[in-house]
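Below is one structure, written out as C-alpha cells, with a few remarks after it.
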C-alpha cells in the first residue's frame with residue numbers, strides 16, 4: 001500500500017507502523033521510501049510526536065515544491081564508527097540508527113566496529129554534533145569514532161587522470177563508479193593507512209579500481225576508507241593481499257566485512 005501511495009502521490013508524507021520490525025527485510029523497508037517509521041509497542045505521546053513531525057515535513061515539502069527559487073544546499077559527509085556494549089540490543093540500536101535523520105548509509109560490520117555509518121549534513125560541525133549529541137547517547141553505544149571526509153589535494157595531472165578514467169567507465173555495465181551495487185553478495189569496508197607523501201600515487205589507483213564502489217579520504221587519520229564489493233570474501237582477501245598491500249606507501253589495511261541483516 002505504501003508503495004502504491006508513493007507512486008501516485010510522491011510528495012505525500014508517510015508514517016509506517018509495524019509490530020514485526022525485527023523480522024522485516026531491511027531492503028524492503030528502504031524500498032518503501034517511508035517518511036517516518038514506528039515499531040510497536042509505543043505510547044500515545046510517541047504517536048502524537050511522530051504525527052506532528054510528519055505534518056512539519058509535509059508542510060516543508062509543500063513550501064519547497066511551490067517555491068520558484070530553490071537554493072542548492074551543499075552537504076558534507078563523515079563516518080561514524082560505532083562500537084557497542086557487550087549487553088547492547090543490537091537490532092534495536094541498528095534500527096534506531098538506520099532510520100535516523102542525516103544517516104546516508106548504515107551497515108552492520110565485523111571487526112573492531114559493530115556498525116559503520118555515513119553521516120551527511122550541511123557542515124562538518126553539524127556532523128560532529130549528530131555523532132556527539134545523538135548517536136553516542138543511544139543506549140547500548142559504547143564508543144563513536146568520528147572520521148571527517150574531504151577531497152584529497154591531488155596534483156593537477158592526477159586529478160585529470162581520474163576524470164579521464166571515470167569518464168570512460170561511467171557508461172560501462174561492468175564497472176560501478178561511486179555507487180553501491182547490491183548485485184554483489186559480499187561487501188566490506190577497508191581502512192587503508194598510508195604514507196601521506198604517496199597520496200597522489202595510491203588514491204587514483206584505488207579510486208578507479210573496478211572492485212571499489214567508493215573511496216573516501218580522511219585527513220585526520222591519514223587513511224582511505226573504501227567500500228568494496230565482490231562475489232565472495234576470498235575475492236576481497238586477494239584484492240587486499242595482491243593489489244592494495246603491495247602498493248608503495250600503504251602501511252596497513254584493516255577490513256570490516258559487512259554483515260547481511262537477512263542473516264540476523
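The values are calculated or read from the model by the stated rules, or taken from the named source; none is laboratory data. As the structure is a prediction and not an experimental result, all values here were calculated from the model. Neighbour counts run over all protein chains shown; Cβ positions are idealised from the backbone, glycine included.
You will find that of 251, 224, 247, 206, the residue that is assigned to a helix (DSSP H, G or I) and in contact (Cβ under 8 Å) with a residue 24 or more places away in the chain is 206 and no other.
Within the range 213-226, does at least one residue satisfy the condition of being farther than 19 Å from residue 145 by Cα and over 16 Å from the mean Cα position of the chain (by Cα)? Spell out how you get there, then give the answer.
If we filter the range 213-226 for residues that are farther than 19 Å from residue 145 by Cα, which is where we start, we get 213-214.
Subsequent filtering for residues that are over 16 Å from the mean Cα position of the chain (by Cα) retains none.
No: the range 213-226 contains no residue that is farther than 19 Å from residue 145 by Cα and over 16 Å from the mean Cα position of the chain (by Cα).
Considering only residues that are surrounded by fewer than 19 Cβ atoms within 10 Å (Cβ to Cβ) and either out of contact with any strand residue (DSSP E or B) (no Cβ under 6 Å at 6 or more places or on another chain) or in a helix (DSSP H, G or I) (or both), which ones fall in the range 188-203? Listed by number, the residues that qualify are 195, 196, 197, 198, 200, 201. None of 139, 133 is loosely packed, with under 12 Cβ neighbours inside 10 Å, modelled with pLDDT of 85 or more and more than 24 Å from residue 261 (Cα to Cα) except 133. Within the bounds of the range 171-187, is there any residue that is part of a strand (DSSP E or B), modelled with pLDDT of 85 or more and out of contact with any helix residue (DSSP H, G or I) (no Cβ under 9 Å at 6 or more places or on another chain)? Checked the range 171-187: no residue is part of a strand (DSSP E or B), modelled with pLDDT of 85 or more and out of contact with any helix residue (DSSP H, G or I) (no Cβ under 9 Å at 6 or more places or on another chain). Of the residues contained in the range 83-90, one or more are found to be within 13 Å of residue 146 (Cα to Cα) and touching a strand residue (DSSP E or B) at 6+ places or on another chain (Cβ under 6 Å).
Here is a check on your reading of the model: is residue 257 surrounded by fewer than 16 Cβ atoms within 10 Å (Cβ to Cβ) and touching a strand residue (DSSP E or B) at 6+ places or on another chain (Cβ under 8 Å)?
Values: surrounded by fewer than 16 Cβ atoms within 10 Å (Cβ to Cβ): no; touching a strand residue (DSSP E or B) at 6+ places or on another chain (Cβ under 8 Å): yes.
Considered against the rule, which asks whether it is surrounded by fewer than 16 Cβ atoms within 10 Å (Cβ to Cβ) and touching a strand residue (DSSP E or B) at 6+ places or on another chain (Cβ under 8 Å), residue 257 comes out as no.
Residues that are without any contact (Cβ under 8 Å) to a residue 40 or more places away in the chain and under 26 Å from residue 150 (Cβ atoms) were ranked within the range 227-244; the one that is farthest from the chain's Cα centre (by Cα) is 243.
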